[in-house]
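Here, each number is a calculation from the coordinates, and none is a lab measurement. Only a predicted model underlies this, so the values are computations on that prediction, with no experimental measurement involved. Cβ placement follows ideal geometry from the backbone for every residue including glycine, while neighbour counts extend to all protein chains displayed.
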Amino acid sequence: MRRPLLWAIAFVFAIVVGVGIAISRGWLREPSLTRSDYVGTIEVSADDARLYRAVPFEWRVTGPTGRVGGRDVAHIRIDPTGERTVICGWLTLDKGGASTRASRWLSEATLRIGDLAIPALFIAAVQAAPGNGLNAGCAGLFDRLEPAVDAPLSLDGPAVPE
C-alpha cells in the first residue's frame, strides 16, 4: 500500500520539476510571438517624430461598471540600422483618462509587423510632445529579424480588466 503512494509522490515531483525546467528554458512561451525584449527609451526630437507611423487601434477594458472601449493612436518606428532591429513607440495621454485605459490595453496587446507579432508592452504612455522631452519605449528583436521599415503595422488584443 505504501509503495504506490511513494511512486505517485515521485511522479508528481518529477512533473513539477519538468514544468519548472520548461518554464526556465522558455519552452512554454507563446509560440506565435516573436522573441523580443525591452531595451529602454529614446528621446524623440521633432525631426525624428516624422519617422514614426501613426497606428490607430481600438481598445477594450472591462471593469466593475461594465465594458468600456474606444479608439486611440500609437506612434511606431521600425529601425533596422543597428546591430538588432529596434521597434520604438509612444502613446500620447489625454486629459480625460481614456488614453490611460488604452495604455492598460496596450500592456496586454500584440503589435503585428507584417507576419511577425511582438508584445506591445514596450509602447510608452507619454504626456510630452516630440522635441519637448518625449521618450519612446523600445523593444529589440532577436534572431536577426529585419522587418521592412514600411511593413504593415496593427495592434490587436482581447479586452483586459481595468
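Which order do the peptides 70-79, 46-55 come out in when sorted by mean C-beta neighbours inside 10 angstrom, highest first?
70-79, 46-55
Could you work out the relative contact order of the chain, using alpha carbon pairs under 8 angstrom and six or more residues apart, expressed as a whole percent?
Values: 303 pairs, mean separation 47.6, N = 162.
Relative contact order of the chain: 29 percent.
Could you quote the convex hull projected area for segment 94-144, Cα atoms only and averaged over all directions, in nm²?
The directionally averaged projection comes out at 4.6 nm².
Two-decimal Rg/Rh of the chain from alpha-carbon positions, Kirkwood Rh? Mind dumping the intermediate values first?
Working: Rg = 20.4 Å, Rh = 17.8 Å.
Looking at the chain, the ratio lands at 1.14.
Would you calculate the separation in nanometres between label points at T100 and D115, each defined as 7 Å from the Cα along the Cα-to-beta-carbon direction?
4.2 nm
Per 0.36 nm of contour for each residue apart, how much would the distance between A148 and A14 grow if the chain were fully extended, relative to their Cα-Cα spacing?
43.7 nm
What does the charge count around A139 come to, taking other residues whose C-beta lies under 13 Å from its C-beta (Lys +1, Arg +1, Asp -1, Glu -1)?
Result for the local shell: +1.
What does the highest-first list of 101-107, 12-18 look like by mean Cβ count within 10 Å?
Values: 101-107: 21.0, 12-18: 10.0.
Most protected by this proxy first, the peptides run 101-107, 12-18.
With θ set to phi - 60°, apply the Karplus curve 6.51 cos²θ - 1.76 cosθ + 1.60 along segment 152-162 and write out the HN-Hα couplings as whole Hz, x wherever there is a Gly or Pro.
Each residue's phi maps through the Karplus curve to give x, 10, 8, 10, 8, x, x, 5, 10, x, 6 Hz.
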